[in-house]
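Have a look at the structure below, then the notes.
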Amino acid sequence: MIGRPVDLSHRESGASLVSALLLVAVMASMAMMLAGELRVSLRRSANMEVRDQAYWYAIGAREYASGLIGAAMDDPATALRPDAAWLSGARDFPIERGVLSGRVRDGNNCFNINGLVVDDGQGDLVVDAIQQRRFERLMTAVGVPATDAGRIAAEAGDWIDSDVRPMAGGAEDEIYTRLPTPYRSGNTLMAEREELLALASMTPALYRRIEPLVCARPVAAPLPLNINTMAADDWPLLVALFDGELGRVAVEGLLLGRPASGFATAEAFWALEAIQALDPDATLREAIGLETRYFSVEVDVLHDGQTYHLDALYEWTGGSLPTRLNQRYGQVT
């Protein structure tokens, strides 16, 4: 018996419909994915545009500040007075969809962490015991426990000096190579003060206490403080310099009692009764002067809801403009 012929047209049309639906689903999925990637790309492009625009605002402010430093240093006696306008703090300037804030700081008025060492004349860096003690005193002045301050001062000296032998309370490679993420000590000058966070005993909380007072200048020597441009907040620097013989109240009194035009000569400062009573020696006298070699430029840009920060270090060696030594720029999170 011959059966009835099977009609395959319905089956073929059904399979075609399923294939078409699958194709549509795949195309829709791809379209959604591409749309998502497009949105991300557009957002990324917008963020990059905001970042680039903020960067150029910051660069413009940096160059403007550099020009002001150069112009001001044509007459250092006027530029480095206690009442000089640039010492009054940050200044704000409106920009499109935001605000720009900039300030210039005296880059000499800080504790140069690289001054913990001196060149021994044979190309090696060795720890300066006097500067190590001053660094320790600086830390205790701002509330760092004495035990921590002693260890950190020793570890900082070990980090910078040329040898690999730890001093008492210090740390060298034998400590750092045992950490979960091992590393070695620098055995050279620090490039930036944040390197202090790599020390074995340093914590973020302790670092925040000393951060405004320390710096890393590219010289293995302490920076002479400019007594005419020091701010009231710089009092720990003088407390450390005088080895605690002058307390905070006495130092703040000295700074507030400066002539409006500043001390005409360094000798005028050393002639103060409170200072003469300390019988300062020649080494101490070299640590305070009326000159400034370094200037720090800080710029904050709030643009389109995002904040960016730029800081640059300049060195004044004469001429029409200072020399820029380094710069950092990035988004503030």
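If you check A274, A282, A264 for being under 19 Å from A72 (Cα atoms) and more than 31 Å from the chain's Cα centre (by Cα), only one passes: A264. For segment 76-194, the helices (runs of 4 or more DSSP H) that sit wholly inside it and include 2 or more residues that are within 21 Å of A287 (Cβ to Cβ) and modelled with pLDDT of 95 or more are 129-141, 146-160.
Have a look at V297, V239, V249 and point out the one that is in a strand (DSSP E or B) and of a type in the set (V, I, T).
V297
Residue-level check: of (1) in a loop (DSSP other than H, G, I, E, B); (2) in contact with a strand residue (DSSP E or B) (Cβ under 7 Å, 6 or more places away or on another chain); (3) among the polar types (S, T, N, Q); (4) more than 26 Å from V142 (Cα to Cα), Q327 misses just (1). Residues of segment 199-218 that are among the hydrophobic types (A, V, I, L, M, F, W, C) and surrounded by 15 or more Cβ atoms within 10 Å (Cβ to Cβ): L199, A200, M202, L206, I210, L213, V214, C215, A216.
Can you name the residue in segment 174-208 that is in contact with a Pro (Cβ under 9 Å, 6 or more places away or on another chain), touching a residue at least 12 places away in the same chain (Cβ under 8 Å) and not small (G, A, S) and is also farthest from T147 (Cα to Cα) among such residues? Ranking the candidates gives L189 first.
Among the conditions (1) in contact (Cβ under 8 Å) with a residue 60 or more places away in the chain; (2) under 14 Å from the mean Cα position of the chain (by Cα), the only one that D234 does not satisfy is (2).
Could you list all residues from segment 281-333 that are basic (K, R) and buried (at least 20 other Cβ atoms within 10 Å of the Cβ)?
Taking segment 281-333 and keeping what is basic (K, R), we get 285, 293, 324, 328.
Once the filter is applied, which keeps residues that are basic (K, R) and buried (at least 20 other Cβ atoms within 10 Å of the Cβ), segment 281-333 yields nothing.
Could you pull out the residue among D106, D120, D124, D158 that is acidic (D, E) and within 20 Å of A240 (Cα to Cα)?
D106
Here is the figure for segment 80-93: residues that are more than 17 Å from D233 (Cβ to Cβ) and either in contact with a strand residue (DSSP E or B) (Cβ under 8 Å, 6 or more places away or on another chain) or among the hydroxyl-bearing types (S, T, Y) (or both) total 4. Taking the listed residues A282, A312, the one that is at pLDDT 95 or above and of a type in the set (G, A, S) is A312, with no other qualifying.
The values are calculated or read from the model by the stated rules, or taken from the named source; none is laboratory data. Owing to the predicted nature of the structure, the values given are computational and were not obtained by experimental measurement. Every residue, glycine among them, receives a Cβ derived from its backbone with ideal geometry; neighbour counts consider all protein chains shown.
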